[in-house]
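Colleague: Here it is, the structure in full.
The values are calculated or read from the model by the stated rules, or taken from the named source; none is laboratory data. The structure presented is a predicted model; accordingly, all values stated were derived computationally and were not measured. Don't worry about glycine lacking a Cβ; one is built from the backbone with ideal geometry, like all the others, and counts go over all protein chains shown. When the accessible area is computed, the model is the full protein with side chains, heavy atoms only, and any ligands, DNA or RNA have been set aside. Shrake-Rupley method; radii C 1.70, N 1.55, O 1.52, S 1.80 Å.
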Amino acid sequence: MSTFLLVHGAWHTGHAWDRVVPLLSGHRVLAPTLTGYGETAHLLTPETGVRTHSDDVVRLILDEDLHDVVLVGHSYAGLVISDAANQVPERISQLIYLDAMVPEDGETAADVMPQAKKAIDFALRSESGFRVPPPVDGFASATGEGLFGVTDPDDLAWLRSMLSDQSVGALQQPVRLDNPATRAIPRAHIHCTDVPEDFDRRPVPSVQPNGSPAVVHELPTGHDCMITMPGEVARLLVDLARGRF
């Protein structure tokens, strides 16, 4: 049995994983909602950032006394799981970046994905000065349709029901990766391939920080693959946790 901790991306909630969690039966699975999203949207402040969210993850790991955690981060949560692993590397057995941002020490979301600078500028000029609303459309499929790669009308309605604002701090705060023990944690990357032609993904280095060859898999779907291909996501997570690749 593996312990999976599934961390959602920007604007989403832990419910984004609702279709994946039942498919991981036989394993321990946690899919929290991070501070400032969904049911905790009232807690969103200008100070809410990567550190807030990585602390959420670390607190859950310590409160539940979790060990050998397969820590999965989707999209923005690639920053979150990296920072969390830096705090408790001894508790993490593997990092899985699911169509996620993969930072180096000291980098922000805008460093990893320059397109985030537009969202930062928008938030700073807005009435609140810090809120980044969810996109009306964006992260579309290769055909330019949908939202986060979700195109089915019912799925879109469900997705939009869970989205809420993000704090600009989550895009501006740098990730800490200064703990040497973090480099020893095995990594794997899952890339969604149904993305617009102008989507700019940072290449994965051929060698992991721990010296092992890179592990990269692809899914022929859009960005929110946990909604569009939950079965394939679940199978990949289990296989990666078991070291089948």
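Colleague: log10 I(q)/I(0), Debye, Cα-only the chain, no solvent, q = 0.09, 0.12, 0.14 Å⁻¹?
Modeller: Values returned for q = 0.09, 0.12, 0.14 Å⁻¹ are -0.34, -0.63, -0.88.
Colleague: Quick check for you: with a 1.4 Å probe and neighbouring chains kept, what is the accessible area per residue of the chain, in Å²? Working shown, then result.
Modeller: Values: 10740 Å² over 245 residues.
On a per-residue basis, 44 Å².
Colleague: Let me ask something else about it. Sorted by average packing, counted as other Cβ atoms within 10 angstrom per residue and highest first, what order do 40-49, 218-227 take? It would help to have the intermediate numbers written out before the result.
Modeller: Numbers: 40-49: 15.5, 218-227: 21.6.
Descending packing order for the listed peptides: 218-227, 40-49.
Colleague: Could you grab the relative contact order for the chain? Cα pairs under 8 Å, six or more apart, rounded to a whole percent.
Modeller: On the way: 513 pairs, mean separation 56.6, N = 245.
Relative CO of the chain lands at 23 percent.
Colleague: What does a probe at Arg202 reach in region 63-101, counting residues whose amide N is under 14 Å from the point 7 Å along Cα→Cβ?
Modeller: Residues passing the 14 Å test: 75-83, 97-101.
Colleague: Right, another one. Using only Cα atoms, what is the ratio of the radius of gyration of region 92-214 to 2.2 N^0.38 Å?
Modeller: Numbers: Rg = 16.6 Å, N = 123, 2.2 N^0.38 = 13.7 Å.
So region 92-214 has a normalised radius of gyration of 1.21.
Colleague: Return the whole-Å distance between the Cα centroid of region 95-121 and the Cα centroid of region 208-223.
Modeller: 17
Colleague: Report, in deg cm²/dmol and to the nearest 500, the calculated mean residue ellipticity at 222 nm for the chain, where each DSSP H run with n ≥ 4 adds -39500 (n - 2.57) and the sum is divided by the residue count.
Modeller: Working: 8 runs with 69 residues, N = 245.
Per the formula, -8000 deg cm²/dmol.
Colleague: Taking the Cα centre of region 20-137 as the origin and placing charges on Cβ (Lys, Arg +1; Asp, Glu -1), which of Leu124, Ala109, Leu60 is farthest toward the positive end of the dipole?
Modeller: Working it through, the farthest residue towards the positive pole turns out to be Leu124.
Colleague: Would you work out the charge dipole size for the chain about its Cα centre, treating the Cβ of every Lys and Arg as +1 and the Cβ of every Asp and Glu as -1, and quote it to the nearest 20 debye?
Modeller: 440
Colleague: Sequence gap at least 6, Cα distance under 8 Å: using those rules, report the relative contact order of region 92-238 to the nearest whole percent. The partial results should precede the final answer.
Modeller: Working: 221 pairs, mean separation 44.0, N = 147.
Relative contact order for region 92-238 comes out at 30 percent.
Colleague: OK, next. Once label points are set 7 Å from the Cα along Cα→Cβ at both Ser128 and Ser212, what is their separation, rounded to one decimal in nm?
Modeller: 4.0
Colleague: Does region 62-143 come out rounded, prolate or oblate by the C-alpha gyration tensor, with a ≥ b ≥ c the root eigenvalues, rounded set by a/c under 1.5 and, if not, prolate when a/b is larger than b/c and oblate if not? It would help to have the intermediate numbers written out before the result.
Modeller: Working: a/c = 2.32, a/b = 1.83, b/c = 1.27.
The shape class here is prolate.
Colleague: Ok, one more. Each residue of region 39-46 in order: what ³J(HN,Hα) in whole Hz does its phi give by Karplus 6.51 cos²θ - 1.76 cosθ + 1.60, θ = phi - 60°, with x for Gly and Pro?
Modeller: Per residue, the Karplus-derived 3J(HN,Hα) values read 5, 10, 4, 5, 8, 5, 9, x Hz.
Colleague: Follow-up question, since we're still on this one. If you take the charge dipole of the chain about its Cα centre, with +1 on Lys and Arg Cβ and -1 on Asp and Glu Cβ, which of Ile185, Ile227, Gly78 is farthest toward its positive end?
Modeller: Ile185
Colleague: Based on the mean of other beta carbon atoms within 10 Å per residue, what is the order of 69-81, 23-35, most packed first?
Modeller: Values: 69-81: 27.8, 23-35: 17.5.
The most tightly packed comes first, giving 69-81, 23-35.
Colleague: In region 1-159, what percent of the accessible surface is made up of carbon and sulfur (1.4 Å probe, ligands and nucleic acids excluded)?
Modeller: Answer for region 1-159 is 51 percent, counting heavy atoms of protein chains only.
Colleague: Right, here's the next one. Sorting check: for 6-12, 101-107, 116-122, which peptide has the highest mean count of neighbouring beta carbons within 10 Å, and how do the rest follow?
Modeller: The peptides rank, most packed first, as 6-12, 101-107, 116-122.
Colleague: If you don't mind, another one. Under 1.5 on a/c is rounded, so check that first for region 168-210, then, if it is not, pick prolate when a/b is larger than b/c and oblate when it is not; a ≥ b ≥ c are the square roots of the alpha carbon gyration tensor eigenvalues.
Modeller: On the way: a/c = 2.94, a/b = 1.28, b/c = 2.29.
Oblate, since a/c reaches 1.5 and b/c is not below a/b.
Colleague: A follow-up question, please. Hey, if we sort Leu62, Leu98 by accessible area with the 1.4 Å probe, largest down, what's the order? Intermediate values should be presented prior to the final figure.
Modeller: Details: Leu62 85, Leu98 0 Å².
In descending accessible area the options line up as Leu62, Leu98.
Colleague: Please identify, among Gln166, Gln94, Gln208, the residue showing maximal mean-square fluctuation in a Gaussian network model of the chain using a 10 angstrom Cα cutoff.
Modeller: Gln208
Colleague: Moving to a separate point now. If you average the alpha carbon positions of region 1-20 and of region 163-194, how far apart do those two centres end up, in angstrom?
Modeller: Cα centroid to Cα centroid, the span is 15 Å.
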